Structures are given as structure tokens and as C-alpha cells.
Amino acid sequence: MIIIKIGGGSSLNIKGIIADLSEIRDRLIIIHGANALRDELAEALGKPKQVLTSVKGYDSVYSDENLIDVMMMAYSGLRNKRIVEMCQQHGINAVGLSGIDGKVIRGKRNSGIKVIQDGKKKIVRDFSGKPEEINISLLKLLLDNGYTPVLTVPIIDENNVAINTENDDVVRIMQDSIKADTVINLIEASGFLLDKDDESSLIRKITPLELEEREQQVDGRMKRKMLSFRKLFENGATKVIISDGRTEHPIADALSGKGTVIS
């Protein structure tokens, strides 16, 4: 079993990713983002996103009802269905689901995010939270009958309300539930970079014991990503590959050792 996490950047080679996946005989679960498309739609609708930075330095998007609507259009709508379409064109019998469909990804809404705004500490409450449970019986039903699940946010909370969450956290609880052999995380970089603007700063191998140290060396989205990887290994993951999703053959490159291998 392989979990494929496709980032949401605009330059990812989705067609190349799906073409590569059609050559793999392992069972697959695809989890994808759509942040670039979300931001584009939000701007077009006159409802641009707001970014919150927690007191611990992690960035997240302020998820009010307007943003959840835009997410449903971008993530579980256009991006999800285009990925499913490409899968079908390459012989992968995919089924696209958001976390709210069949309650496939259940979570708990945040009680509040501690942030610093205008130099003051505040608690902000929105429609965001943490994934806590996978509907494994639904996934098993699909996988055992030859379907490839294509999953994305939003997920569903304890009150059956759609909430935003980090797809890297979805990967973590998915791995905890199904114990995949490998997790491939495709991003808009060649792997883990010490300097996000310098491709030559690529670190090719990281041990799980180094993850906390590496987390402190970066900021922004990569800082949160490294935290999620650390939790992945705490939950029993054995191999994670961070690799470039922009290349001609992103999956083949990742499996051949390009990018950053954490094991």
C-alpha cells in the first residue's frame, strides 16, 4: 500500500503524476490539495484568504464559512474531479471523496487558535480542526473492490459540520489506520531544502530522530509539514519520501530515490 499526497501548488505536474501511478501495481490512496486554485477562486469572488500565525509559529488559513464554500469548489469540486477524470483516462478506477462523504475523515473542531495580532495574543475560532478518525470500513470496501480513493478536505467534525484541516494531518491518521509501506509527499521543490530559495540546499536523507531539529530550521508551510512528518513516525511510519511534483515523472523519480527520504 502506498499513500500519495499531492500538494496544492499550481506548478505540480498532475498529468505526469497520474500517468506514473498507472504503472504501479500496489494499492493506492491519493490525498490531494488545491491551495493555489482555492486562492485564485477566493480572489475572483472578492473573498481573499487570511493567514493566521499561531504563537508557536505555524501558519494556517482562517477558515470562515466563506472559505469553506470556496474550498468545496476548489478541493472537493474542480481539483478532485479532474484528478479522478485523469485516473480514469489512465485505467485507474478512482472514486473521489471529500472527508464529509460517508464521514470518511472525521475530526474535532478547534476550540480556538492562539495567535498574535497587532502585537497582542488572541484566541481565534473558525471552522478548522484536527482529523481524528478514518472510516476504515468504507475505504476497505473501495480498495477490496478495485477502486482507488482520491481524498481531500473538508472533513466532518463531531457536530457533522464541514471543517478545514491540514492534508498532511490527514496523511498522518491515514497511515496510522492502514499502515502503508510508503508515503510519497509531492511538493513544489526538489525535497527538503534548508534554504527554500536554494535548490542546492537539498537534504537527501533524514532520520526520524532528526525531524524535530529540521523543523526548527525552516518556517512557513515547511515548518508545519515537518511537524506532521514527526508525528507520522511517532505513529509507526517507516518510510516517507518528499519529492518534486513538477518533474516529467514525479512518482518514478520519488521511488528511484530522488528528493528527500526519511527512514
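Residues that are more than 18 Å from the chain's Cα centre (by Cα), under 25 Å from Asp126 (Cβ atoms) and acidic (Asp, Glu): does segment 238-254 have at least one?
no
Answer yes if at least one residue in segment 157-170 is of a type in the set (Gly, Ala, Ser) and touching a residue at least 40 places away in the same chain (Cβ under 8 Å), and no otherwise.
Checking segment 157-170: at least one residue is of a type in the set (Gly, Ala, Ser) and touching a residue at least 40 places away in the same chain (Cβ under 8 Å).
Restricting to segment 205-259, name every residue that is among the β-branched types (Val, Ile, Thr) and touching a Leu at 6+ places or on another chain (Cβ under 7 Å).
Hits for segment 205-259 are Val240, Ile251.
Looking at (1) part of a helix (DSSP H, G or I); (2) surrounded by fewer than 21 Cβ atoms within 10 Å (Cβ to Cβ), find the lone condition where Glu23 falls short.
(1)
Being without any contact (Cβ under 8 Å) to a residue 60 or more places away in the chain, in contact with a helix residue (DSSP H, G or I) (Cβ under 6 Å, 6 or more places away or on another chain), surrounded by fewer than 20 Cβ atoms within 10 Å (Cβ to Cβ) and of a type in the set (Gly, Ala, Ser) narrows it down to one residue among Ser243, Ser201, Ser177; which is it?
None of the other options fit; the residue is Ser177.
Scan segment 26-50 for residues that are in a loop (DSSP other than H, G, I, E, B) and in contact (Cβ under 8 Å) with a residue 40 or more places away in the chain and jot them down.
Asp26, Arg27, Gly33, Ala34
Kindly indicate which of Ile3, Ile18 is β-branched (Val, Ile, Thr) and touching a His at 6+ places or on another chain (Cβ under 8 Å).
So the residue among Ile3, Ile18 that is β-branched (Val, Ile, Thr) and touching a His at 6+ places or on another chain (Cβ under 8 Å) is Ile18.
Mind counting the residues in segment 33-70 that are touching a helix residue (DSSP H, G or I) at 6+ places or on another chain (Cβ under 6 Å) and farther than 18 Å from Asp126 by Cβ?
4
List, please: which pairs have Cβ atoms under 8 Å, are six or more places apart or on different chains, and start with a residue in segment 210-226 that is loosely packed, with under 14 Cβ neighbours inside 10 Å and end with one that is of a type in the set (Asp, Glu) and not in a helix (DSSP H, G or I)?
Hits for this filter: Gly220/Asp59.
When segment 84-118 is examined, which residues are found to be modelled with pLDDT under 95 and farther than 23 Å from Glu133 by Cβ?
Of everything in segment 84-118, those that are modelled with pLDDT under 95 and farther than 23 Å from Glu133 by Cβ turn out to be Lys114, Val115, Ile116, Gln117, Asp118.
Answer yes or no as to whether Val218 is touching a helix residue (DSSP H, G or I) at 6+ places or on another chain (Cβ under 7 Å) and closer than 28 Å to Ala19 by Cβ.
no
Which ones in segment 166-219 are in a loop (DSSP other than H, G, I, E, B) and of a type in the set (Val, Ile, Thr)?
Thr207, Val218
Are any residues in segment 227-240 surrounded by 20 or more Cβ atoms within 10 Å (Cβ to Cβ) and either out of contact with any helix residue (DSSP H, G or I) (no Cβ under 6 Å at 6 or more places or on another chain) or of a type in the set (A, V, I, L, M, F, W, C) (or both), and if so, which ones?
Those that are surrounded by 20 or more Cβ atoms within 10 Å (Cβ to Cβ) and either out of contact with any helix residue (DSSP H, G or I) (no Cβ under 6 Å at 6 or more places or on another chain) or of a type in the set (A, V, I, L, M, F, W, C) (or both): Phe229, Leu232, Ala237, Val240.
Being small (Gly, Ala, Ser) and in contact with a strand residue (DSSP E or B) (Cβ under 8 Å, 6 or more places away or on another chain) is the filter here; which residues of segment 127-182 pass it?
Correct list: Ser128, Gly129, Ala162, Ser177, Ala180.
Being free of Cβ contacts under 8 Å to residues at least 40 places away in the same chain, among the β-branched types (Val, Ile, Thr) and surrounded by fewer than 21 Cβ atoms within 10 Å (Cβ to Cβ) is the filter here, so list the residues in segment 51-89 that pass it.
Val51
The values are calculated or read from the model by the stated rules, or taken from the named source; none is laboratory data. None of the values given here were measured: they were computed from a predicted structure. Please note: Cβ atoms are built from the backbone with ideal geometry, for glycine as well, and neighbour counts cover all protein chains shown.
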